[in-house]
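Presented below is the structure to which this report refers.
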Amino acid sequence: MAMPIALRVLEGHARAYRHTWRGTTIGAVLTPVLFLAAMGLGLGQLVDREPTAALGELSYLAWLTPGLLAASAMQAGAADGTFPVLAGTRWVRTYHTAVASPVRPRDLHLGNLLWATIRISVIALVFVVVAAGFGAVPLSRGLLALGPAVLTGVAFCAVLSAGVVLLIRDQFLAGLNRFVIVPLFLFSGTFFPVEQLPPVAGAIARVLPLWHGVELTRALALGTAPALPWPVHLGVVVALLVAGILAGSVTFDRRLRP
Amino acid sequence: MPPVVEARALTKRFGTFTAVDRIDLEVARGEAFGFLGPNGAGKTSAMRMIGAVSPVTEGQLRVLGMDPEREGAELRARLGVVPQEDALDQELTVAENLAIYGRYFDLPRPVIRERIDELLEFVQLSERRQARVDPLSGGMKRRVVIARALINDPEVMLLDEPTTGLDPQARHVLWDRLFRLKQRGITLLLTTHYMDEAEQLCDRLVVMDAGRIVAEGAPTALIAAHATREVVEIRLAPEEDEDAAVQVLERTGHRVEALPDRVLVYVDDGDAFVREVHARGLEPTAVLTRRATLEDVFLRLTGRALAD
Ligand SMILES: Nc1ncnc2c1ncn2[C@@H]1O[C@H](COP(=O)(O)OP(=O)(O)OP(=O)(O)O)[C@@H](O)[C@H]1O
Ligand SMILES: [Mg+2]
């Protein structure tokens, strides 16, 4: 049987990765570890002077680690859903070459997502191992929490690629990072519980998909119950992923087969 | 066997803009067929429909007897495409660019390895096999793209401006390679806005302008039908009254085209005409007699020069 076409795209990514992994991976692994050290260890000392009910009486480091895991997975997914897509459509135009072969636009989208899944998993795994080394999370629970974190990252990758493939200018990228990715990263219950936000902002944070990913990840990492029933959290993240896949199969086609 | 391309009233619109306007084409196996036209003529749009990467807006199109809409993937597996931009992954090696593309066709890895050897030999880049693409010259990159397009052993090659932007020597190397492909029986479809390229490579061509086909035929037949045997190019001194000079030239009974920088006169005997010019008292700064080319055909048919 012929190899599913999206897997051929995945293989292409893997081959290219031998040359590009240094530039793309080291930063993706290092940044969350730096955050963990600065916030968890540094800021944590300050926070932990008095036990905090809002953190469920946990150390700040233990509370922060799963949030950072999910948020970093989202950032990795966002990176994979933006720069490589723009390279494919505009900077190097490799997507245009790919669709001249039997590869179809939707195969490109799916192949990219499979590749993002592997990459996000590796980045998240390294983070969990390092965090376990700090004593921030038991290794077994950290590994369990990889599931929802990676799912969150891939869902963001799917949605962002579906939009970015249509871009005809690059400026939009800076805005996307500044006004979407960074606020999500900061206000989705990553660094502090959303209950700390003013009521309106807290309500907004609770509809953001990252918050649901964070809640799932934290519940698995700490062995606690999430804020809402877990099918709700999982449903939101899966819905984001499905929406990204479906939208991408339309937008990739529109862009690459005008 | 069905023709390679069969198009009836083929049309491509982007919104309300018509890029390809009801063109008819028939390309036979083994032919080298050209689309000659200026920027924006619709050459790329036509090629992309034939290459099954752009839906047909209206009209009929069959490529290798297949419907590009319904059988796109099967059709693309039998085509080799050289796009207008190289689109090579600059960070990868020459061989890796070819290997990744070969896997898109689901070719077995050993077959790909063998073909890379053969193809790099063919495009005279064997010693660059493991070199990164980035530092290669424009002509070399173009040859890598040709090797990439051949990785699936295509029956038909679609070449969109294969030599645009290259220096004359690099162009000649490419023409030589393309000529060899034609000798092997591969059908070549190419677009160009160089008349010399069209004359060198094409058995037959269509001249396109604003989405339409304005002429079709073998290069020599087109020249015979739309131009004279020779063309005299006359440059006048800046102080000379151009309109008056053109009137004098027109009185000779030959066709005259006044371009911004020179005047062209279409004649059968250039030397005799040059003597006549002097006899009529004109003192041009330069006079050149040359063979008529497709450029003259284009000028005749559209009233504009082909080169930009
Ligand atoms: N995706 C698109 N959307 C809108 N308009 C388009 C699109 N692609 C091409 N066009 C327009 O269609 C016309 C024909 O373009 P096309 O690229 O086919 O011309 P061409 O003959 O290949 O020109 P060139 O020599 O510059 O490559 C142009 O006016 C171009 O702007
Ligand atoms: Mg073009």
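The values are calculated or read from the model by the stated rules, or taken from the named source; none is laboratory data. Small disclaimer: the values here were computed from a predicted structure and weren't measured. All Cβ positions, even for glycine, are placed from backbone atoms using ideal geometry, and neighbour counts span all protein chains on display. These area figures cover heavy atoms from the full protein model, side chains too; ligands, DNA and RNA do not enter into them. Shrake-Rupley method; radii C 1.70, N 1.55, O 1.52, S 1.80 Å.
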Inside the stretch B:180-257, counting only helices (runs of 4 or more DSSP H) that do not spill past its ends, which hold 3 or more residues that are within 16 Å of ligand 1 (Cβ to nearest atom)? B:195-201
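Being more than 16 Å from ligand 2 (Cβ to nearest atom), aliphatic (A, V, I, L, M), in contact (Cβ under 8 Å) with a residue 12 or more places away in the chain and over 21 Å from B:ARG115 (Cβ atoms) is the requirement here; does B:LEU178 meet it?
no
Any residue that is under 13 Å from the mean Cα position of the chain (by Cα), among the acidic types (Asp, Glu) and open to solvent by less than 20 Å² (accessible area, probe 1.4 Å) - is there at least one of those in the stretch B:202-212?
Checking the stretch B:202-212: not a single residue is under 13 Å from the mean Cα position of the chain (by Cα), among the acidic types (Asp, Glu) and open to solvent by less than 20 Å² (accessible area, probe 1.4 Å).
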State yes or no: is B:ILE23 more than 9 Å from ligand 1 (Cβ to nearest atom) and within 14 Å of chain A (Cβ to nearest Cβ)? no
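Take the residues in the stretch B:100-115 that are of a type in the set (A, V, I, L, M, F, W, C) and more than 7 Å from chain A (Cβ to nearest Cβ), then tell me which one is surrounded by the fewest Cβ atoms within 10 Å (Cβ to Cβ).
B:VAL111
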Among (1) away from ligand 2 (no atom under 15 Å from the Cβ); (2) under 25 Å from B:GLU85 (Cα atoms) - the single one B:LEU189 does not satisfy: (1)
Name the residue, out of B:LEU25, B:LEU36, B:LEU61, that is at negative phi and at pLDDT below 95. B:LEU36
Pairs returned, first residue in the stretch B:72-84 that is more than 8 Å from chain A (Cβ to nearest Cβ) and among the small types (Gly, Ala, Ser), second residue that is open to solvent by less than 30 Å² (accessible area, probe 1.4 Å) and assigned to a strand (DSSP E or B), beta-carbon separation under 9 angstrom, 6 or more apart or interchain, are B:GLY80/B:VAL156; B:GLY80/B:MET157; B:GLY80/B:LEU158; B:GLY80/B:LEU159
Which numbered condition B:VAL173 misses (of (1) within 16 Å of ligand 1 (Cβ to nearest atom); (2) within 24 Å of B:PRO154 (Cβ to Cβ)): (1)
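Output the residues belonging to the stretch B:11-31 that are in a strand (DSSP E or B), closer than 27 Å to B:PRO154 by Cβ and either open to solvent by 40 Å² or more (accessible area, probe 1.4 Å) or more than 16 Å from ligand 2 (Cβ to nearest atom) (or both). Step through it out loud before you land on a result.
Restricting attention to the stretch B:11-31, the residues satisfying the condition of being in a strand (DSSP E or B) are B:11-14, B:17-27.
Keeping just the survivors that are closer than 27 Å to B:PRO154 by Cβ gives B:11-12, B:19-20, B:23-27.
Matches in the stretch B:11-31: B:THR11, B:ASP24, B:LEU25, B:GLU26, B:VAL27.
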Only residues that are of a type in the set (Lys, Arg) and either within 13 Å of chain A (Cβ to nearest Cβ) or within 13 Å of ligand 2 (Cβ to nearest atom) (or both): list them for the stretch B:39-66, please. B:LYS43, B:ARG48
As an exercise: evaluate A:PHE156 against (1) touching a Gly at 6+ places or on another chain (Cβ under 9 Å); (2) at pLDDT below 95 and give the number of the one condition it does not meet. (2)
Among helices (runs of 4 or more DSSP H) entirely within the stretch A:89-170, at least 3 residues that are away from chain B (no Cβ under 14 Å) and out of contact with any Lys or Arg (no Cβ under 8 Å at 6 or more places or on another chain) occur in A:105-134, A:139-164
Among B:PRO38, B:PRO3, B:PRO55, which is within 16 Å of ligand 1 (Cβ to nearest atom), in a loop (DSSP other than H, G, I, E, B) and buried (at least 16 other Cβ atoms within 10 Å of the Cβ)? B:PRO38
Hey, among A:GLN75, A:GLN45, which residue is surrounded by fewer than 16 Cβ atoms within 10 Å (Cβ to Cβ) and either among the polar types (S, T, N, Q) or touching a strand residue (DSSP E or B) at 6+ places or on another chain (Cβ under 7 Å) (or both)? A:GLN45
